[in-house]
1. Can you pull out the residues in segment 208-235 that are in a strand (DSSP E or B) and either among the small types (Gly, Ala, Ser) or free of Cβ contacts under 8 Å to residues at least 12 places away in the same chain (or both)?
2. Among the listed residues Gln301, Gln286, identify the single one that is out of contact with any His (no Cβ under 7 Å at 6 or more places or on another chain), buried (at least 24 other Cβ atoms within 10 Å of the Cβ) and not hydrophobic (A, V, I, L, M, F, W, C).
3. Pull out all pairs, ordered by first then second residue, where Cβ-Cβ is under 9 Å, the residues are six or more apart or on different chains, the first lies in segment 55-70 and is surrounded by 23 or more Cβ atoms within 10 Å (Cβ to Cβ), and the second is in a strand (DSSP E or B) and of a type in the set (Lys, Arg).
4. For Val82, are the conditions met, namely being over 23 Å from Ala146 (Cα atoms), at pLDDT below 95 and buried (at least 19 other Cβ atoms within 10 Å of the Cβ)?
5. Could you please give the count of residues in segment 242-268 that are surrounded by 23 or more Cβ atoms within 10 Å (Cβ to Cβ), part of a helix (DSSP H, G or I) and not aliphatic (A, V, I, L, M)?
6. With the structure loaded, tell me whether Asp239 is touching a residue at least 40 places away in the same chain (Cβ under 8 Å), surrounded by fewer than 24 Cβ atoms within 10 Å (Cβ to Cβ) and out of contact with any Pro (no Cβ under 6 Å at 6 or more places or on another chain) or whether it fails that test.
7. Being acidic (Asp, Glu) and surrounded by fewer than 21 Cβ atoms within 10 Å (Cβ to Cβ), is that true of even one residue in segment 358-374?
8. Restricting attention to segment 151-159, does a residue exist that is at pLDDT 95 or above, in a loop (DSSP other than H, G, I, E, B) and of a type in the set (A, V, I, L, M)?
Amino acid sequence: MNDTSAWADPKPTALLVLADGTVIEGFGLGATGHAVGEVCFNTAMTGYEEILTDPSYAGQIITFTFPHIGNVGTNEEDIETVNMAATPGACGVILHSAVTRPSNYRATRHLDAWLKARNVIGLGGIDTRALTSLIRSKGMPNAVIAHAADGRFDLDALKREAAAWPGLVGMDLVPMVTSGQRFTWDETEWVWGKGYGRMENPDLHVVAIDYGIKRNILRLLAGIGAKVTVVPATTSAEDILELKPDGVFLSNGPGDPAATGQYAVPVIKTLIDKDIPTFGICLGHQILGIALGGTTRKMHQGHHGANHPVKDLETGKVEITSMNHGFAVDRDSLPGTVKETHVSLFDGSNCGLALKDRPVFSVQYHPEASPGPRDSHYLFQRFAGLVRDRKRA
């Protein structure tokens with residue numbers, strides 16, 4: 001008998017098991033074990049560390065459409081998670097190509113070691129184009145991602161777990177990522193050759209409600225001259241008002257906005273009634289839309305990437321934006337007191353709103369990110385202007 005071991009296929013060490021029973025095999029990286037979540041795809045060519053540590057991705061497994069992920073390594077400066085004790089962000093990552101040795105002067109750790117340290121499971125060596133095509137045609141599937149160094153899996157158990165997971169609709173994931181206690185923030189933007197700065201003489205006080213806030217949002221808030229007080233997601237309106245904020249920020253975060261809105265909406269309504277300037281991003285935008293009388297809906301494939309064109313209806317300008325959301329505000333549900341300010345040029349979905357008679361506005365995308373590179377930073381200056389105008393008045 002001829003020995004065929006020389007050309008035998010290597011044994012898979014990682015699996016993606018979809019809720020419909022489909023099994024995709026590849027090689028494992030990062031942590032071992034298994035995790036269940038919703039599979040989405042992200043089209044960004046850069047910023048994988050920021051994406052993987054964005055708390056908005058809790059409960060999700062990210063498929064990167066760009067094939068070369070990990071080539072610039074990782075470092076401690078690019079992490080977006082604020083609450084390091086909480087869920088770090090995505091529970092899994094899917095790649096096309098093997099991770100190469102880091103080639104960047106800022107790199108301090110290989111992506112594989114970094115994923116292990118953060119307990120994130122990785123699957124590589126698969127046709128991410130085919131998986132992306134599946135998501136585009138059938139929507140974002142529920143799945144289990146699993147990694148075992150010996151390649152041994154209880155496939156029947158993994159299929160049962162994937163099929164049983166209820167999905168993100170109706171799921172409040174904010175308790176997994178919000179801060180456990182109040183704290184202040186004064187770090188400002190990163191500058192090449194200098195690192196991060198400090199806001200030493202703030203003239204504003206902004207209270208940020210943490211539904212899963214990102215570090216760079218806090219940096220840009222500090223950069224407008226604000227002392228930022230970050231409070232947990234369940235903080236009452238009375239406790240926020242006792243802090244005497246000049247403005248309130250509603251952060252990004254994961255999960256179904258309608259579920260989080262059960263406790264967040266009454267707080268936001270009270271703050272709006274007090275005429276406090278308010279600015280929301282992502283989940284904060286969606287919850288604000290509900291507080292103003294609108295509704296949200298689950299999207300078919302969501303928006304995840306750093307190349308999304310958004311039109312500002314007030315100026316006519318188009319911004320290249322970073323996005324990460326699987327729910328959207330239904331524009332037809334918004335009352336007449338609310339105006340739509342931004343729309344996606346990919347699918348026409350709502351990307352911004354504002355109250356017509358009060359200093360309250362929000363956007364669906366992430367203006368703190370830099371895909372344009374800074375097309376959307378003006379929104380933080382707009383917020384600062386509203387806060388200062390109201391403070392003078």
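1. First, pick out the residues of segment 208-235 that are in a strand (DSSP E or B): 208-210, 214, 226-232.
Listed by number, the residues that qualify are Ala208, Ala226.
2. On the way: Gln301 fails: buried (at least 24 other Cβ atoms within 10 Å of the Cβ).
It is Gln286.
3. Close Cβ pairs (under 9 Å, with a partner that is in a strand (DSSP E or B) and of a type in the set (Lys, Arg)) amount to Pro55/Lys214; Ser56/Lys214.
4. Yes, satisfied.
5. 2
6. Details: touching a residue at least 40 places away in the same chain (Cβ under 8 Å): no; surrounded by fewer than 24 Cβ atoms within 10 Å (Cβ to Cβ): yes; out of contact with any Pro (no Cβ under 6 Å at 6 or more places or on another chain): yes.
Answer is no for this residue.
7. Taking segment 358-374 and keeping what is acidic (Asp, Glu), we get 368.
Next cut, surrounded by fewer than 21 Cβ atoms within 10 Å (Cβ to Cβ) only: none.
Checked against the condition, which is being acidic (Asp, Glu) and surrounded by fewer than 21 Cβ atoms within 10 Å (Cβ to Cβ), segment 358-374 yields no hits at all.
8. Taking every residue of segment 151-159 in turn, none turns out to be at pLDDT 95 or above, in a loop (DSSP other than H, G, I, E, B) and of a type in the set (A, V, I, L, M).
The values are calculated or read from the model by the stated rules, or taken from the named source; none is laboratory data. Worth saying up front: this structure is predicted, and the values here are computed from it rather than measured. Glycine also receives a Cβ, built like all others from the backbone with ideal geometry; neighbour counts cover every protein chain displayed.
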